[in-house]
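One structure below.
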DNA sequence: TAAGGCTCTGGAAATGATTCCAGATGATGT
DNA sequence: ACATCATCTGGAATCATTTCCAGAGCCTTA
């Protein structure tokens, strides 16, 4: 038997010739459609293996009206920190299970640029790159408007959206910051704490939500809220340190501090221990997010865990639903958080 | 004048009709080739704007033999930690500047699975998805072999490759762990330290390199190396803690510790401070990687900075060179590190 | 004025798949 | 025996683009 040469780019036509069938039949085998006899299917599969045939992605996508790709678009961040990395991983896990691919892209723009003036991200300049968009990072209303005008399906990580009311409705996944902070505060109250301070710059939308959850819990317990919530041009840990330097002048001192996130909590912790105040003996401390480092702090930090991979999976799932049923109604999927009790809190 | 309706999917043919030219001319305008008169070009561009034409990505890619996408493939990691997130960001920065897209994918496999048995990642099951691959995470030799058999261009982040000699040659970008650790050790020596310990599990290839750099510097200074390098089933910070619990039994005690990375250094720091040993008064401490947290430690950690975004950019650039000139010779691009002096080290 | 070389253009062919239509075959029902 | 139906198959048409080829002007140059 003569050994036929294997062509460089094996196409469906080569396979058809090799198997002695028509191209339509090969395509039917490839797509596992009905109406191919067992014998023919076997011959085609053998030919595919012999020629090491792999179908061409672009050619397949051109007739189906789906690209099989979504874009994870991060706005206005110089780098991806651990939180978003986990969300991305969640998106990817869900995507690969559904045979979808994830394109990672990032972009920057100002909050006050008119929507029409925001440069279209490269990925959207051609049609057909991606079926939909996942918006993360810090998302402003003007960009939402811009995307809506492009008529491409998208979902947003709701917690990071800073948009006024005039932006139309859209799909989002968010975790419940209000409730998370609310429960954390209730927990401190249940342990006997009365003077509970909140530390976090409420000009950030997420800290704002958390602060409101804290406020509600304090009011419900008939306690008076306090702490530091002003806007400062500091990094998160520095904000925590600065807050301690200001709060320690106050009388009476707090017995517990709820920090806006784990980074702020770290700053608080550092400032406290430097001044000889010990956590949790003198002050109990609670964070938010549950990054890996929280568990490693000394003492390990009690914090509100955000299920970041779950958020990613939910974003991907919602986007895919959207692709099958575009337009309204718009879904707002709120995921709950989980209070993780560690040693940075003590009962009074 | 009558207003013509805008078709739903605007194609190059619609533009040609609108502008009163042939499809070839529209394509020439689109690709900015020579031989289109200024007047014609203007008419075509006007038609494109009027119809809001965006070319179809898949259709373009099918004739050019490039997809314009590369895959950032992370192996054997449950999640992306900050180091890889930075590398990915570097890749993306470089890619978008070169009008390329980055697909993020992850996969898992064992080090001892035969190459032929490793399941092909989804992205490679079809031809034409990506032009090339960037291998990161923990890469074993069997997978390198697998990829080489698929004849798809790739570059690897060299520091994370665990491969024996029998794997063929390949392109890589790496940062110089040997030199980084070497310089860090020399720095400690120059400050008068004589009893310098190394802490890091040398069964990891990266810790191994760093250890060898440390060894060379110690020998050059005629000092005897010591520390803990055995394999343990711990996380990195836990490894550092465990090392301290063992080393403190030794006499004489070290005056400085070079940790395998910042996480190990954190564990060392925690164990030391818990035992009442102070950094840097009793022991000087140096890490490796320079993650964000290093700067925030108390005292801020002296460490060897790895330029992670630069590594990502180099990976992307090398891959693109490879696409234009496939096959040997293979490039090994070694980036240097930078010693960042902070307060965790003191002169004796 | 003829030949040759630019510049510019239209349209057919090609790319590699899917889909649809027509037709063949064989089983089943009346 | 005939109609009907389900099963199975080949191949043309299709998708949206790029590329190639042929040809039309127009300007030099000998």
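The values are calculated or read from the model by the stated rules, or taken from the named source; none is laboratory data. It should be emphasised that the depicted structure is a prediction, and the values quoted were computed from it without experimental measurement. For neighbour counting, all protein chains shown are included, and Cβ atoms are generated from backbone atoms with ideal geometry for every residue, glycine included.
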**OP:** Please list, ordered by first then second residue, the pairs with beta carbon atoms under 7 Å, 6 or more apart or interchain, first in the range B:10-26 and farther than 17 Å from residue B:57 by Cβ, second within 10 Å of DNA strand C (Cβ to nearest atom) and at pLDDT below 90.
**Re:** B:16/B:22; B:21/B:40; B:25/B:36; B:25/B:40
**OP:** Inspect the range B:90-99 for any residue being surrounded by fewer than 23 Cβ atoms within 10 Å (Cβ to Cβ), within 16 Å of DNA strand D (Cβ to nearest atom) and at pLDDT below 95 and give the result as yes or no.
**Re:** yes
**OP:** Could you tell me which residue of the range A:39-72 is nearest to DNA strand C (Cβ to nearest atom), considering only residues that are more than 7 Å from chain B (Cβ to nearest Cβ) and assigned to a loop (DSSP other than H, G, I, E, B)?
**Re:** A:64
Subject >> Matching option when the condition is away from DNA strand D (no atom under 14 Å from the Cβ) and at pLDDT 90 or above, among B:75, B:27, B:67 >> reply: B:75
Original post:
Quick one: which of A:12, A:103 is within 13 Å of chain B (Cβ to nearest Cβ), surrounded by 18 or more Cβ atoms within 10 Å (Cβ to Cβ) and near DNA strand D (Cβ under 10 Å from one of its atoms)?
Top reply: A:12
**OP:** Determine which single condition residue A:36 fails, assuming it passes every other condition in (1) more than 10 Å from chain B (Cβ to nearest Cβ); (2) within 43 Å of the chain's Cα centre (by Cα); (3) within 13 Å of DNA strand D (Cβ to nearest atom); (4) not in a helix (DSSP H, G or I).
**Re:** (2)
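Quick check on my filter: what residues within the range A:19-37 are crowded, with 16+ Cβ neighbours inside 10 Å and near DNA strand C (Cβ under 9 Å from one of its atoms)?
Our first condition is that a residue be crowded, with 16+ Cβ neighbours inside 10 Å; within the range A:19-37, this holds for A:19, A:21, A:25-30, A:36.
Matches in the range A:19-37: A:25, A:26, A:27, A:28, A:29, A:30.
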Original post:
Which of the following residues is within 16 Å of DNA strand C (Cβ to nearest atom) and within 19 Å of residue A:322 (Cα to Cα): A:128, A:158, A:168, A:132?
Top reply: A:128
Original post:
When the range A:290-340 is examined, which residues are found to be part of a loop (DSSP other than H, G, I, E, B), more than 26 Å from residue A:73 (Cβ to Cβ) and within 12 Å of another protein chain (Cβ to nearest Cβ)?
Top reply: A:297, A:298, A:299, A:300
Original post:
Do we find that residue A:40 is buried (at least 21 other Cβ atoms within 10 Å of the Cβ) and in contact (Cβ under 8 Å) with a residue 12 or more places away in the chain in this structure?
Top reply: no
Subject >> Selection within the range A:52-66 - in contact with a helix residue (DSSP H, G or I) (Cβ under 6 Å, 6 or more places away or on another chain) and more than 30 Å from residue A:153 (Cβ to Cβ) >> reply: A:53
Subject >> Residue list for the range B:221-244, restricted to those being exposed (fewer than 12 other Cβ atoms within 10 Å of the Cβ) and over 19 Å from residue B:204 (Cβ atoms) >> reply: B:222, B:224
Original post:
Are there any helices (runs of 4 or more DSSP H) wholly within the range A:73-191 with 1 or more residues that are free of Cβ contacts under 8 Å to residues at least 60 places away in the same chain, under 30 Å from residue A:57 (Cα atoms) and in contact with a strand residue (DSSP E or B) (Cβ under 9 Å, 6 or more places away or on another chain), and if so which?
Top reply: A:82-97, A:141-150
